[in-house]
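The structure appears right after this line, and notes come after that.
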Amino acid sequence: MTAPPHALRLRSGAGRGTLLAAILASGMVFLDSTVVNVALPRLGAELEATVAGLQWTVNGYLLTLAAFVLLGGALGDRFGRRRIFLLGVVWFAVASVLCGLAQETGWLVVARFLQGAGGALLTPGSLSVLQSSFHPDDRGRAIGAWSGLAGVTTALGPFIGGWLIDALSWRWIFFINLPLAVAVILAALRWVPESRDEDASRSGGKRFDVTGALLGALGLAGVTYALIDAPARGVRSLPVLLAALVGVLGAVAFVLVERRRGEAAMLPTGLFTSRLFSALNLFTVVVYAALGGFMFFFAVYLQNVVGWSAVRTGLATVPMTMLLLVGSARAGALSARIGPRLPLTVGPVIAAGGLLLLRRVGPGTSYWVDVLPGVLLFGLGLTLVVAPLTASVLAAVADRFAGVASGFNNAASRVGGLLAVAALPLLVGLSGTGYEQPAELTHAYRGALAWCAGLLLAGAVTAGLLVHRPPRPAPPS
């Protein structure tokens, strides 16, 4: 493997500074993704939000992040990875301040849309900067350190965010991004080298597909709006039907445009000739829908029904994150040895058992007896899934498509969460200010966890029937 010009070494000051910038930037995104659910009861009460307002607070961010993350990677390849990375950091920080200053739900939702767009520039940039900047001998260790320390920020996020919510205000989970962004910008300007894909620049931007990204966003937005608005307006109301139609037409147009562009598309549809790649991404949507739906309901339920503080609610799921940090590497090694089918089949079944245990949580519940066993089972199931899934997605396509395959799978996981948060309140009959009524929320919570457990079991069936060991690459001659 050829070293890039001015390749960084991990032990150098520039190498450590570049790694610091990538970790802090990813930490901002991970912190917001884990903490906003914990803040929903407080911000909902202060802004007098309905269930739909809470759904859009979560989904506004997920929608633009999922729709534009592949485009963000392509922009970095063409115009410079450091430049787009810094643009994403500034954009994300400004949008975070707008979130923290929000005086009404509409303002907050628009700011969350903007924040997701900034995250779409920032998320692929943090990893591509490491990939393109470090010497091949140090690249693996740099990415491993980034992954591990970013995981630590994910584990600490609920505790830090819960403390900020209780001690100060929910607004500070957004304001805290400003000093982090300043540190990232200073580190990036000082140490991160600029790089780009010269072939993409000379060819006018291969996979620089704005039309595809906009059509994908339109499809997701239409379907999401229809699902969120249906409880208030009625499933057969004209605005809901029009939104659903726009979403379906946008999705169809996205597929047609991507097919016509071929390998120049943001998402080359030839990838889906791999039955394994298609099955794994279907599995991703289903399993991450269960995760997104559970996290949305669990945080609100623990505070509004069980009566826990924000910091205690944030700490409730920390064991799940710690299991992922400690066990993912072992799960990946197990999958490499026996193939992904068994872990991807057994993992969702174990996680579903954890959710069924958590359905019995209620007022006066004990964390150690009633909450921890379910959280541990759910975390153990996810641990068996995450690393084998990522490795199998990359192995299911040719090496030259590894970046776009990984990016699409990342987007698929966010789409799963987006659709679950949009659909579950409709399915369990939660609307208006029902999340503030303990009896109504309890009924909805237990129904939602049953749906999430069903999604996990559907994922297990998908893996058992359709997933197999990826073909091994031929040894070099």
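The table for this structure:
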read-out	value
Magnitude of the charge dipole, the stretch 303-460, Cβ model with Lys/Arg +1 and Asp/Glu -1, debye to 20	340
Residue 333/residue 465 FRET efficiency (R0 25 Å; Cβ-Cβ; nearest 0.05)	0.50
Charge context of residue 10, other residues only, Cβ under 13 angstrom, K/R +1, D/E -1	+3
Selected from 70, 331, 444, residue furthest toward positive end of dipole (the chain; charges at beta carbon)	331
Accessible area per residue in Å² at 1.4 Å probe, computed on the stretch 319-477	44
Pairwise FRET efficiency - residue 241 versus residue 272, Cβ, R0 = 22 Å, nearest 0.05	0.15
Peptides 35-41, 185-191, 425-431 ordered by average Cβ neighbours within 10 Å, highest first	35-41, 425-431, 185-191
Given charges at beta-carbon only (K, R positive; D, E negative), |dipole| of the chain in Debye	1100
Inter-label distance, nm, simple model (7 Å from Cα along the C-beta direction), residue 137/residue 12	1.3
Charge context of residue 335, other residues only, Cβ under 13 angstrom, K/R +1, D/E -1	+4
Peptides 62-69, 17-24, 128-135, 334-341 ordered by average Cβ neighbours within 10 Å, highest first	62-69, 17-24, 128-135, 334-341
For the chain, calculated [θ]222 nm from helices alone, where every DSSP H run of n ≥ 4 adds -39500 (n - 2.57)	-27500 deg cm²/dmol
Rounded to 10°, Cα long-axis angle of helix 105-133 versus longest principal axis of the chain	30
Additional length obtainable on full extension of the chain from residue 366 to residue 400, 0.36 nm per residue less Cα span	7.2 nm
Theoretical gain in end-to-end length, residue 443 to residue 342 [0.36 nm per residue, Cα-Cα removed]	33.0 nm
Within the accessible area of the chain (1.4 Å probe), percent carbon and sulfur	67
Point-charge dipole on Cβ atoms (K/R +1, D/E -1) for the stretch 238-395, about Cα centre, debye to 20	240
Long-range HN-HN contacts of residue 8 with modeled amide H, under 5 Å	134, 135
Net charge over other residues, Cβ less than 9 angstrom from the Cβ of residue 138 (K, R count +1; D, E count -1)	+3
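The values are calculated or read from the model by the stated rules, or taken from the named source; none is laboratory data. Predicted model only: the values in this text are computed from it and were never measured. Note that we place each Cβ from the backbone using ideal geometry, even for glycine, and neighbour counts take in every protein chain shown. Just so you know, the surface numbers come from the protein's heavy atoms only, side chains and all, with ligands and any DNA or RNA stripped out. Shrake-Rupley method; radii C 1.70, N 1.55, O 1.52, S 1.80 Å.
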